[in-house]
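Let me begin by presenting the structure, written as structure tokens, before commenting on it.
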Amino acid sequence: MKQADALYQIVPALYRTRDPADLKRFFDGCGLLLDQVHATLVQRLADAFPDNPVDGTPACQDWLLPYFAELLDVRLVSPLVRGRRDEVAHAVRWRQGKGTLRVIEEIAEAVGQLEVVLQEGWKRVATTPRLNIPLIPATSFGYGQECPAAPPSMASRHPGLPAVTVDFRCPSGAVASTTANPAHRQSTVDGDTHVWRQASFHGSPCLPGSYDDVSRRTVDFRNGDWRVGHHHPGRILLHTVPPAGFFPRSIPVVDWSDPPSPEFDRLIAKCTDPGDNLTVFSNRTFGTEDFVPVRVRKPIKLGQEPGGVGHPDFHTWRFEGLVLENRLELDSGRVEMFQCAARRVQVHSIDLVKPVITARDCLIRNVQAARGVSLLEYCTVLEGTLTEILRASDCIFLGPIRKDHPTDTPPGSGCVRYSAVTGTQAMGGMRFHEVTREPPVMFSTQFGSRSCGVPHPATPAVIRHGAEDGGEMGAFHGDHLSLLAEAVARKLEDYLPVGLEAVVIPDAGLLGMPG
């Protein structure tokens, strides 16, 4: 009723002072309609601009982006709405700077939301020195003074020489710098800005193949990908930070307690609906563009029964946007999880009709519902899955699927579709539909470590594009982590000179960047 209050304040004070609240009630009655009219006008104005919203201002509706793209002749390739908005909003400026390193870096960071450090492939190729060509001053490379002309062992260290032989006397790599240095570079990693420069261009690389490896090689004629084909004059190398997944460097941490602590209440909203017999623990940033997981420590035990097994309809607990670092155990009731990471989910309820475990967009190390139904959608299970009946879609199972502890007998019934299972997994009573046995490759499979469960570019395409909608299988289906690098490479086809090709290389060395 914001517009009704504003309209009431516009009325001259004489009428407000004489009003026995009748005029106020009249405006309140029209308030809903006034708010709707105002919201329609605001949205109509926002629909004229494809930019990403700033400071919570309204943005144009997503379905309008293809029309903007057709108007500006833009090929939308980003799987993220935010990236598609940038593709349209910056189309003209990117065309004006086509082929420049600045535009290439902007496209990678906008289309793929990637933090990148660029290298030009022609600088990594061995070339024949040419005589009588003046060298670029060493100070232009960030050195404090010029290299002496003698002895030859010192003169060979000049950074402008196209030397190929590595000088093992000094290490080559990134060092901290200042913006006053002419060779400084600025890179943003995990929200922190690093100012650095390259040191010892001819030295032995500290991290071969990393962003600060500038050693030269003969031309690599293989097709460029994340692993090979980098030393080629037709390549643009984009070193990017591996996605953090559910475990970024710094996220809020709380302890599980009953009653909840003030810090718990500040980060996590608890809501109980007696009518639906439901309790929800929701991260307060869940479902927003600024979503950040919240780590919850200590074991969580709910619905405890003296005998260890209770009624499945005793209660339902739902968790949203949380990282459960310890065990989640239910003796009775059901559990629902959305966009969560959990070390172990264990439910003892008995129900062979309705799911006692429901998970979507989740990363779980162990799942156990020995006498129940497990319903998993877009989930990655790092180790074992123990359940009487399994219904899974678009999931990745790195461990065996069985129905009891002593044996590896598969579940008696259920359906697994558009998923990846181990090569030795037996079907039993389950039905498989569009299931692959190709092994996925993860940056890490250790629960709690950075990039845990995130598919590596070496993951087979049948997994990266094997979901029912053509996206990736597993817990990060909605984040499109496997498809971002491909989108950047496709986008740069329109903004690179003929003959140049972009290669996206995941580089963990960026996490230790100095400066």
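The values are calculated or read from the model by the stated rules, or taken from the named source; none is laboratory data. Quick caveat: nothing in here was measured; it's all calculated off a predicted structure. All Cβ positions, glycine included, derive from the backbone under ideal geometry; neighbour counts span all protein chains shown.
Summary table below
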quantity: Number of the condition not met by Phe264 [criteria: (1) aromatic (Phe, Trp, Tyr); (2) part of a loop (DSSP other than H, G, I, E, B); (3) free of Cβ contacts under 8 Å to residues at least 24 places away in the same chain]; calculated: (2)
quantity: Candidate set: region 484-493, residues that are surrounded by fewer than 19 Cβ atoms within 10 Å (Cβ to Cβ) and free of Cβ contacts under 8 Å to residues at least 24 places away in the same chain; chosen: the one farthest from Gly453 (Cα to Cα); calculated: Glu493
quantity: Count - residues of region 67-98 that are over 20 Å from Gly56 (Cα atoms), surrounded by fewer than 19 Cβ atoms within 10 Å (Cβ to Cβ) and not hydrophobic (A, V, I, L, M, F, W, C); calculated: 9
quantity: Any hit, region 325-334, residues being surrounded by 24 or more Cβ atoms within 10 Å (Cβ to Cβ) and closer than 20 Å to Gly384 by Cβ; calculated: yes
quantity: Residue within region 385-401 that is of a type in the set (A, V, I, L, M, F, W, C), farther than 16 Å from Gly474 by Cβ and at pLDDT below 90 present; calculated: no
quantity: Region 271-288 residues that are surrounded by 11 or more Cβ atoms within 10 Å (Cβ to Cβ), paired with ones that are aromatic (Phe, Trp, Tyr) and not in a loop (DSSP other than H, G, I, E, B) (beta carbon under 6 Å, 6 or more apart); calculated: Thr279/Trp317; Phe281/Phe319
quantity: Failed item in (1) in contact with a strand residue (DSSP E or B) (Cβ under 6 Å, 6 or more places away or on another chain); (2) surrounded by 22 or more Cβ atoms within 10 Å (Cβ to Cβ); (3) assigned to a loop (DSSP other than H, G, I, E, B); (4) not aromatic (Phe, Trp, Tyr), with Val504 passing the rest; calculated: (3)
quantity: Check on His477, surrounded by 21 or more Cβ atoms within 10 Å (Cβ to Cβ) and either at pLDDT below 95 or over 24 Å from Glu383 (Cβ atoms) (or both); calculated: yes
quantity: Qualifying residue in region 309-319 (condition: under 25 Å from the mean Cα position of the chain (by Cα), within 11 Å of Trp256 (Cβ to Cβ) and charged (D, E, K, R)); calculated: no
quantity: Some residue of region 467-483 being farther than 22 Å from Ala420 by Cα and out of contact with any Gly (no Cβ under 6 Å at 6 or more places or on another chain); calculated: no
quantity: Residue match in region 337-352 (condition: surrounded by fewer than 22 Cβ atoms within 10 Å (Cβ to Cβ), of a type in the set (Val, Ile, Thr) and on the phi < 0 side of the Ramachandran plot); calculated: yes
quantity: Any hit, region 85-92, residues being outside any helix (DSSP H, G or I) and acidic (Asp, Glu); calculated: no
quantity: Selected residue (criterion: farthest from Val11 (Cα to Cα)) from residues of region 24-55 that are part of a helix (DSSP H, G or I) and of a type in the set (Phe, Trp, Tyr); calculated: Phe26
quantity: Some residue of region 382-395 being of a type outside the set (Gly, Ala, Ser) and farther than 24 Å from Thr436 by Cα; calculated: no
quantity: Residue match in region 103-110 (condition: part of a strand (DSSP E or B), within 26 Å of Gly512 (Cβ to Cβ) and touching a residue at least 60 places away in the same chain (Cβ under 8 Å)); calculated: no
quantity: Residue match in region 350-360 (condition: hydrophobic (A, V, I, L, M, F, W, C), at pLDDT 90 or above and under 23 Å from the mean Cα position of the chain (by Cα)); calculated: yes
quantity: Single residue of Leu496, Leu481 found to be assigned to a loop (DSSP other than H, G, I, E, B), closer than 14 Å to Val111 by Cα and touching a residue at least 24 places away in the same chain (Cβ under 8 Å); calculated: Leu481
quantity: Which numbered condition Ala46 misses (of (1) out of contact with any helix residue (DSSP H, G or I) (no Cβ under 9 Å at 6 or more places or on another chain); (2) under 26 Å from Val103 (Cβ atoms)); calculated: (2)
quantity: Residue among Thr380, Thr385 that is under 19 Å from Pro411 (Cα atoms), out of contact with any Lys or Arg (no Cβ under 8 Å at 6 or more places or on another chain), buried (at least 22 other Cβ atoms within 10 Å of the Cβ) and not aliphatic (A, V, I, L, M); calculated: Thr380
quantity: Enumeration of residues in region 373-385 that are hydrophobic (A, V, I, L, M, F, W, C) and in contact with an Asp or Glu (Cβ under 7 Å, 6 or more places away or on another chain); calculated: Val373
quantity: Residues being assigned to a loop (DSSP other than H, G, I, E, B), polar (S, T, N, Q) and closer than 17 Å to Met473 by Cα - total across region 410-437; calculated: 2
